[in-house]
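Worksheet: one structure, shown below.
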């Protein structure tokens, strides 16, 4: 199971995200944010963790484990 992180947003942003979640049909805030990031960057989730020179592909969970804060 992947680890989770918490982010802080204002009430206005939270309300807007909830509205977007309902309109978009996202089942979770995580799903909505992933969709928004993909739209904003143009990089599909399937390319997450890919490095063309290394020829290695990491799942999101593997990437999070590798790059996790060690504090």
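Considering 49, 25, the condition of being surrounded by 10 or more Cβ atoms within 10 Å (Cβ to Cβ) and either touching a strand residue (DSSP E or B) at 6+ places or on another chain (Cβ under 9 Å) or at pLDDT 75 or above (or both) is satisfied by 49 alone.
Residue count for segment 1-22 satisfying the condition of being assigned to a loop (DSSP other than H, G, I, E, B), surrounded by 10 or more Cβ atoms within 10 Å (Cβ to Cβ) and modelled with pLDDT of 90 or more: 1.
The values are calculated or read from the model by the stated rules, or taken from the named source; none is laboratory data. Being a predicted model, the structure only gives us computed values, none of them experimental. No Cβ is skipped: glycine too gets one built from the backbone with ideal geometry, and neighbour counts run over all protein chains shown.
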